[in-house]
Structure formats: structure tokens, C-alpha cells
Amino acid sequence: MLSQFESRIAGAVSQHILIRYGVEIPVALEQPKQTAFGEFALPVAFQLARQLKKAPRAIAEELASELPAIKGVKSLEVAGGGYINLRLDRGALGASAIAPATAMATAGDGKVIVEHTNINPNKAAHIGHLRNAILGDTFVRMLRESGQRVEVQNYIDNTGVQVADVVVGFHYLDGKTPADVRALIAKDRFDYYCWDLYAKISQHYKDNPDSLQWRSDTLHAIEAGEGELADLGRLVADAIVVCHLNTMLRLGIQYDVLPRESEILHLKFWASAFEQLKERKAIYLEAEGKNSGCWVMPGSAFDENREDEDSKVIVRSNGTVTYVGKDIAYQMWKFGLLGKDFYYTPLRTYGDGHPVYVSTASPDGATSVAFGGGRKVYNVIDSRQSYLQDVVVAGLKALNYHEQAANSIHFSYEMVALSPRACVEMGIELSAEDQAKAYVEVSGRKGLGVKADDLIDSLINSALAEVASRNQDKSADDQFAAASAIAIGALRYFMLKFTRNTVIAFDFQEALSFTGETGPYVQYGAVRAAKILQKAGDLPDFATVLTAPVCARLLEEEGLWQYLLAVSRTDQAIAAALSAGEPAHMARYAFQLAQQFANFYHDYPVIQESDAEKRSFLLWLTAQFRAQLERSLRILGIGVPAFM
RNA sequence: GCGCCCGUAGCUCAGUUGGAUAGAGCAUCUGGCUUCGAACCAGAGGGCCGGGAGUUCGAAUCUCUCCGGGCGCACCA
């Protein structure tokens, strides 16, 4: 509701400036550094100073005395070198906050596609994958909260080298048949088994370079889709995808559709893209040099600092397509530009009834649903792949799809690495070189990493110990449910508290913490607010009790006024986090709101309050804190335990 | 060599797109449960915002340069 005041003020001020000075200028409102300065600050005089060639202070004085009255604004004063500080009419804001809320405007036409997770289906998910999925899922929640229509895609590379390597491990190294592998899948933690096998085969390649022939044989078999190796490939990839979906579901992460590499191959997506690329002369057949016989994109197309010789191979001299080529085709499909589509079949239905579909190659038995064709596409991919993402976007540009190129966004983030201390705690031996580093990169090939499910399990265990010691009267099931919510809250918050381009040096002590700036701290606030409301009994009808004059009287008390402002800023926080593209800002807001509530909790004993009107107002504030805390947590994908 | 990212309190990180006296968590020290739950709160110490130059009313933020660290730059994905 505060944002309504904000836009009204900005509009009035910019209109006045246009009339008075004939200057069109965007008016930004800031939150003053100190609460004593009022609710909003206008730095607009500084901006005008340059154009009007006048001292900012003088302009501010002029504006302050000449501005017409703005509804909801009580007073304004000039401060500092030229700030105009505004104070709001407390009664008016209070009453409008308490009145039943009007629905938030829904924004945007067209569909936004967010692609995240994208884990190779050949081994268990690790903490690096968690950052991707949690970041992507939270951004999806932010978009949906702002009224956008969002489709969540999780791309499955089920025919790539990584799956092939695990198949090689099963077939050549361990002599396992499809029946053997089926038996392993039926047991628990197949993804863990493959984790070790993948490390084993990677080491084997290193020791026996000749065995790399197994890999290319297997890759060919998987692409052809026939024979025992292909069967193994399907078994492994399909089973691991199920493992990944289960792991992500523990964190509350769901998808709409899983497009798979195998269908991109079989439905010949590439052929359509290839025709367009050739026709528009976006790529050309190299006649000489190191790339002779390849179809390449000139370097200047994706990087202005590059020479054309630094071209990127799209089709190899043996006629096969590189990853980038396939990704251009896939990206075109996401925008509905390919002229081809997948078929789909339901893979599973989540507990809330939401289905997730997987691509298939044949119309037989396919469900009639439509995916892709987005207006805007966010690809959540780590920053190491920015070069390749640039090439994909350049492909769209070269095809003259400029609008889509501009709406193709690499939502990049830095990797999660391991702190040397974390390695020591896991019993991993580090080379002297690695020990000297601030962090060590996770490596699936070396089996070096923290598995997602292990981390979740140990978080639940330590949360359970805390919960059990504080709530001995509760049942084991209830204790476990609360511990799970707390564990997920801690994990998701931990992954979100860092801004995207900060490398996370993973540390168990920090990740397992439940105090300070953590998810559980925010949950604790929501739980305590709920407890007060529960103890208070029947609530009054706030809108009739807390009229504007009553609000005006109560809000003369500075503390209450500040808490009212605190619970009124969620919309602004969401909008700011969204426009910055930073889920971390949303996390930080939730934490700050929880801090405000903790202060409120200590300042005002709500239930003991003897003044009836004030008690009503305190109860309303408590309800408001609870609602905004829960809303913020929901956007972060964090639930509120019944107790903790 | 070229490109991108980072350098802010002892440690881990924010910093509202150039604004007022640079913030938070952890750690350390001191204090607070007979109160709606202490997974909390109050207080203290701790800073040449990597160095230097520039841009202007004003710089942690923009430009240049140097230093230190990370990641990319395949007919792998």
C-alpha cells in the first residue's frame, strides 16, 4: 500500500516540475537514512541543479514552497544539501492499510519461461545444483507473485557424455546387464551408486586412455537408440531423473515440463534450425584452416572483440552437431520460432495435483498440452557458460530475431565451491595446491562434492535435535515435520542470501546454522506472531474499530508508526528484488522484516495491553507481521512450521 | 594474450543503480528469561571500502591505471 503513496507522490512532483521548469525528469523516491527524516526523500533537486544551473539547496527550497498539496502527505521540509523530506499523514496511511486490501495488479501479457536445474541425469545432485534450482525456483515464485504467467522447464541431457560414461561403467567395467541395473534401481539411492561409479570410470579413463573408445561407442549406440548400451542409457537417465525430481521436491521445487535431448535428436529439431541458419547466412561452411569442413559462426557475430577467425564450430566436419547448435534450436523452440514441437506425456503428479510432463518423440499416447512459445526466456545457468550463452543469443540475432535475442536472458550465478575446512570435515584429502586456495571447485569426475540429499538429511537431523529438546510434548511425527520445515528453511535461505555473482565457499558450520541471518530466524518470527494471535482469542473487526481518527491518535506514538511502515513495504521489496533480478534482495527483506518483528515483540506485550483500541491496533500489527512474513517466506519457498 | 567476475569490520557478506554519519550476521566482551517462547533482545569494541589518478555540488558505486584472486576463451557439454 505504501507503493501507492509513492507513485502518487512521484507523479505529482514530476508534473509540477514539468509545469514550473519545463523539464521532464524521472522522479525517484528514496527511503531516508534515518527514520527521523520522514518517510520519503526526494533527491530531485540535485538532478535539476545541473540543468537549471542553480544551487540544489535553492531549488529544493523553491520546490518545497511551491509544490501543491499532495493527498496523504502531511508536510515536507528541505534538509542537507538539497533533499526534500516528506512526512505522511499517519492517520490516512493507517486507515488505508487496515481497510480490506485491493488486489495487486496483474502484469504482463504472454508467458515467461524459466529454465533451471538442468542436471545431467547420471549421478546424485550436489550443492552446486541446489544453488541453481533454488535460485531458479525462487525467481519463478517472485515472477508469479507479481502476476506473471510462468512456465518452468528442466532440460534433461539424457544422451550426452555424462550418461554415456556411467553406462560404460556399468557395461564395460562392471559387466552389468540391463536386468542387473534394474535391480539396482529398485534398491535405494541409485543416484549415489552412480555417483561412485562415475568417479570410478573417470579415473579409469585417466589411467587407461585407450578405453575412451568405449565412450564414443556408447555415445553412438545411445544416439542410435538401439541395443543393450542404449537400453542401459535409458534406464540410467530415467531413473536418475526420478531421483532428482524427488530431491528437488524435498525443497518444494516443481516443474511444468522436462524437454529431453533424446527428443530434440529424434524429432530432428536441429534440421529445422540448420535450414534457417544457412538460409539467413548466419553460419557458413569453412573451406580452409583448422575448421575446414565445419559449419561455423564467425567470431564477430557473438563478440565484437573477436576476429572472424575465432569462429565457433556449429556442425563438425563429420556432420554431427555441437552442443551450441542444439541449444540454438532448443532456444528457438522456447520462443516458438522453430516450426516444430515435442509431444508430451505426463511423468508424475505432485501432491497438490500439479502434473509435470516429459517430452516424447511420438504422437502415440501423447497428451494434448502445449509448452514453449514464450515471450521472455530466463536460462538459469552458471556464469562459466556465459561464452556459450552469448553464442546462442548471437544465433538468434543472426536469424534476425532481435526481439527474442533481447528477451533471451542468461540468469547467471557463480559456482558453489567447497571451503578447505569443509573438505577436511568430509575426509577429503587435498593437494598442497588446493589447500592454499580460498575454496576448491566441486568435481563430479573426482566424486568431490556434497550430495544434496546428504546435506538435507544432516540439516533435518540437527533441526530435529533442537525441536525435540524444546517440544517434548509433541509427537514424533509432528517433531519431524517441524524439523523438516526448519531444515529446508535453513538451506534455501543459505543458498539465497548471497547475491548471484558471489562465489559461495560452502562451509558446514554456516550452512547448518539456525541462528542469526538464517531462514529459521524468519520462521521463528512467523511462529511467534501466530502464537500471539492464537492466544489472543477472537479478533475484533479491525476496519470498524480502527478508524482514521483512532489510527491518527495511536500513530502519534513513533514506535507504532515505524512498525506500521515496516509491514507496509513488502510490495516495494518484491518489485525491487524483481527489477534487480536478485532473489537475495527478497531474502534480505524477509530477514529485516523478521528483525522488525522481533523488536516489536519485545517492545509491546500485545495481550497484556489494557487500552482496548491500542490492543486492537497491536493485534492488527501482529496479524500484519504474520501475513507479510509468511508471504515473504512463501516467495522464498520456505514453509512455516507449526512450532519450533 | 583476450574477455567476464571479485577485492568493504578478525571471518562470511549487504550496500536501494551517483546521495545525508558505510550496514548486517558470525566470532569476542558485557547485560537481560517469575512476562505473548531466549532459535530472541540491548550494549561495546572493530573500517585509508585493495593502491593511485580522474569525472562533479557529491564516489564503496562511474572512467583510467596498477596490485592481488577466481572463471572462461574445443570439431566436450
Would you list which aspartates and glutamates come within 16 Å of A:LYS340, measuring only between C-alpha atoms, while excluding same-chain residues fewer than 8 positions from it? A:GLU261, A:GLU263, A:GLU275, A:ASP327
Pairwise Cα inverse-distance average, inverted: Kirkwood Rh of the range A:259-413 (Å): 16.7
Once every Cα of the range A:113-254 carries one equal point scatterer and solvent is ignored, give the base-10 log of I(q)/I(0) from the Debye formula at q = 0.11, 0.17 Å⁻¹, two decimals. -0.45, -0.90
For the range A:254-265, Karplus-derived ³J(HN,Hα) couplings (6.51, -1.76, 1.60; θ = phi - 60°; whole Hz; x for glycine and proline) come out as 10, 10, 9, 8, 10, x, 10, 4, 4, 6, 4, 5
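Please sort through the DSSP H helices of chain A and keep those with an alpha-carbon extent of at least 20 Å along the long axis and a Kyte-Doolittle average not below 0.5.
Working: long enough: A:2-21 (28 Å, 0.24); A:127-145 (26 Å, 0.13); A:190-207 (26 Å, -0.92); A:228-250 (33 Å, 0.81); A:452-470 (27 Å, 0.39); A:476-496 (30 Å, 0.91); A:519-536 (26 Å, -0.02); A:583-603 (30 Å, -0.45); A:612-635 (34 Å, -0.19).
Length and hydropathy pass: A:228-250, A:476-496.
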Under a no-solvent Debye model with one identical scatterer per Cα of the range A:398-453, what's log10 I(q)/I(0) at q = 0.17, 0.26, 0.29 Å⁻¹? -0.62, -1.10, -1.24
Count the net charge of all other residues whose Cβ sits under 15 Å from the Cβ of A:TYR563, scoring Lys and Arg as +1 and Asp and Glu as -1. 0
Alpha-carbon centroids, the range A:420-473 and the range A:371-404: separation in whole Å: 35
Per-residue accessible area for A:PHE514 at 1.4 Å probe radius, Å² rounded to 10? 50
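Go ahead and run the numbers for FRET between A:GLN15 and A:THR35, Cβ-Cβ distance against an R0 of 30 Å, rounding to 0.05.
0.60
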Can you give the net charge of the other residues whose Cβ lies under 14 Å from the Cβ of A:HIS244, counting K and R as +1 and D and E as -1? +1
Contact order normalised by residue count of the range A:246-307, Cα under 8 Å, 6+ apart, percent: 15
Computed magnitude of the charge dipole of chain A (debye, nearest 20; Cβ of K, R +1, Cβ of D, E -1): 1260
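Could you order peptides A:486-494, A:523-531, A:85-93 by the average number of other Cβ atoms within 10 Å of their residues, highest first? Don't skip to the end; give the middle numbers.
Numbers: A:486-494: 26.3, A:523-531: 22.3, A:85-93: 20.8.
Ranking the peptides A:486-494, A:523-531, A:85-93 by packing returns A:486-494, A:523-531, A:85-93.
Roughly what % of DSSP beta bridges within the range A:255-408 run antiparallel, to the nearest 5? Don't skip to the end; give the middle numbers.
On the way: 13 of 16 bridges.
For the range A:255-408, the DSSP antiparallel bridge percentage is about 80.
Could you sort out which of A:LYS33/A:LYS614; A:LYS206/A:LYS446; A:LYS200/A:LYS446; A:LYS312/A:LYS376; A:LYS268/A:LYS334 sit more than 18 Å apart by Cα distance in this structure?
Pairs exceeding the cut-off: A:LYS33/A:LYS614; A:LYS312/A:LYS376.
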Using only the alpha-carbon atoms of chain A as identical scatterers, what base-10 log of I(q)/I(0) does the Debye formula give at q = 0.05, 0.08 Å⁻¹? -0.30, -0.74
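Going by average Cβ density within 10 Å per residue, which order do the peptides A:210-219, A:225-234 take, highest to lowest?
Taking the mean over residues of other Cβ atoms within 10 Å, the ranking is A:225-234, A:210-219.
For Cα pairs less than 8 Å apart in space and 6+ apart in sequence, what is the mean separation divided by the residue count of chain A, i.e. the relative contact order in percent?
Values: 1023 pairs, mean separation 94.4, N = 644.
Averaging sequence separation for qualifying contacts and normalising by length gives 15 percent for chain A.
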Summed side-chain charge close to A:PRO68 - residues other than A:PRO68 whose Cβ falls under 15 Å, Lys, Arg +1, Asp, Glu -1: +2
If you line up the Cα atoms of the range A:2-88 on their principal axes, what length do they span on each, largest first, in Å? 32, 24, 19
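Apply 1/(1 + (r/R0)^6) to the Cβ-Cβ distance of A:HIS602 and A:ARG50, taking R0 = 41 Å, and write down the FRET efficiency to the nearest 0.05.
Working: r = 47 Å, r/R0 = 1.14.
After rounding, the FRET efficiency stands at 0.30.
If you take the square roots of the eigenvalues of the alpha-carbon gyration tensor of the range A:300-389 and sort them as a ≥ b ≥ c, do you get rounded (a/c under 1.5), prolate (a/b over b/c) or oblate? Mind dumping the intermediate values first?
On the way: a/c = 2.73, a/b = 1.94, b/c = 1.40.
Taking the square roots of the gyration eigenvalues as a ≥ b ≥ c, the range A:300-389 is prolate.
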Over the residues of the range A:510-644, compute the C-alpha Rg and express it relative to 2.2 N^0.38 Å. 1.08
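Sorted by accessible area (1.4 Å probe), largest first, how do A:LYS437, A:LYS123, A:LYS281, A:LYS451 line up?
Listed by decreasing accessible area, they come as A:LYS281, A:LYS437, A:LYS451, A:LYS123.
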Bridge orientation stat for chain A from DSSP, antiparallel percent rounded to 5, came to 55
Roughly speaking, what is the centre-to-centre gap between the range A:205-235 and the range A:11-33 when only Cα atoms are used, to the nearest Å? 66
Report the extension gain between A:ASP217 and A:LEU285 in nm, rounded to one decimal, defined as 0.36 nm multiplied by the number of residues separating them, less their alpha carbon distance. 21.7 nm
Per DSSP helix of 4 or more residues, -39500 (n - 2.57); summed, then divided by the residues of chain A. What does that give at 222 nm, rounded to the nearest 500? -16500 deg cm²/dmol
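I'd like to compare A:561-574, A:607-620, A:342-355: which one has the highest average count of other Cβ atoms within 10 Å, and what's the full order after that? Kindly include the intermediate steps, with their values, before the conclusion.
Values: A:561-574: 20.4, A:607-620: 16.6, A:342-355: 13.4.
Averaged packing, sorted descending, gives the order A:561-574, A:607-620, A:342-355.
The values are calculated or read from the model by the stated rules, or taken from the named source; none is laboratory data. None of the values given here were measured: they were computed from a predicted structure. Neighbour counts run over all protein chains shown; Cβ positions are idealised from the backbone, glycine included. Note: accessible area is taken over every heavy atom of the protein model, side chains too, but ligands, DNA and RNA are not part of it. Shrake-Rupley method; radii C 1.70, N 1.55, O 1.52, S 1.80 Å.
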